[in-house]
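Working notes, beginning with the structure itself.
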Amino acid sequence: MPRRIFGVSDEDDSFDVLMRQRDQIGVEINENINVSPELPDVLRRRFRVYFKPGTKIAVRTVRSIRAADIGHLVTFTGVCTRVGDVKPLLEVACLTCDCCGFEIYQEVIGDNFNPINRCPSGACSLRAPTGELFLETRASKFIKFQEVKVQERSEDVPVGHIPRSLTVQVKGGLTRTMRPGDVVDITGIFLPKPSTGFKVRLFA
C-alpha cells in the first residue's frame, strides 16, 4: 500500500479529502506556470443559514402579498398542491483546462450561467490557440433543489374568486419536508421570476 501523505480519518468524506488536497497545493502563480487558485468561500462553507421568524410576526395569506413586498422577507400560510422532484443545483462550477491543467472556480448565481470558455492561466496565454475548459463535476459543488406550489386555503378565498398560488424554491435540508395537502407556514424572500425560453416568445 502506498504511504499516505496526509491524515484521513474515518469521519472524513470525499469533500474533506478534496479540500485537504487543494489546501496542500496552495497558490503558486508564475508567468508560465499556474496552479489552482484559492478556493472560494462558498466552496469551503459546510453550513447554511436559515432565518426563523419571531412569534410576533403576523402570518399573512397568499392574496395579501403584493408588488410592494418584492425583495422583503414575508411569512404566509397555504396548502401544498404540487411538490416537484429533488434535483441537483450547481452552486460552484469547477472548470479544468485540457492543456495546462489549470483549475478555475466560478460561482453560479441564479438558475442559468455562462461558463468561462478561455483559460486565464499564464501558460495558455503564451500559446495559440488557448486550452479549452471542461466542467469537473467531482470538484464542483451541488445542492439539493426542489420547487413546491403553494395555494391559498379555501377559507382565505373570497366568494366567486379563483385561489391564488405561489411557487416556492426549497434548497438544502428543507427539501422533502412538504407533501401535497400539507398546510404550511413559509418564510422567505418574495422575488419575481422572469419567463424564459418558449414562454417569452409565446407572450411577446
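Annotations
- Inter-centroid distance (Cα atoms) of the range 106-138 relative to the range 44-71, Å: 36 Å
- The range 142-182 - percent of accessible surface contributed by carbon and sulfur, probe 1.4 Å: 50 percent
- Residue pairs exceeding 26 angstrom between C-alpha atoms, taken from 56/193; 144/193; 56/141; 52/193: 56/193; 56/141.
- The range 150-189: C-alpha gyration tensor shape, a/c 1.5 cut-off, then a/b vs b/c: prolate
- Rolling a 1.4 angstrom probe over the range 65-129 with all protein chains present gives an accessible area of which 52% lies on carbon and sulfur atoms.
- The order of the peptides 135-145, 176-186, 72-82 by mean Cβ neighbours within 10 Å, most packed first, is 72-82, 135-145, 176-186.
The values are calculated or read from the model by the stated rules, or taken from the named source; none is laboratory data. In this text, all values refer to a predicted model and were calculated from it rather than measured experimentally. When we count neighbours, we look across all protein chains shown, and the Cβ atoms used for this are built from the backbone with ideal geometry, even at glycine. Just the protein is used for accessible areas: all its heavy atoms, side chains included, with ligands, DNA and RNA removed. Shrake-Rupley method; radii C 1.70, N 1.55, O 1.52, S 1.80 Å.
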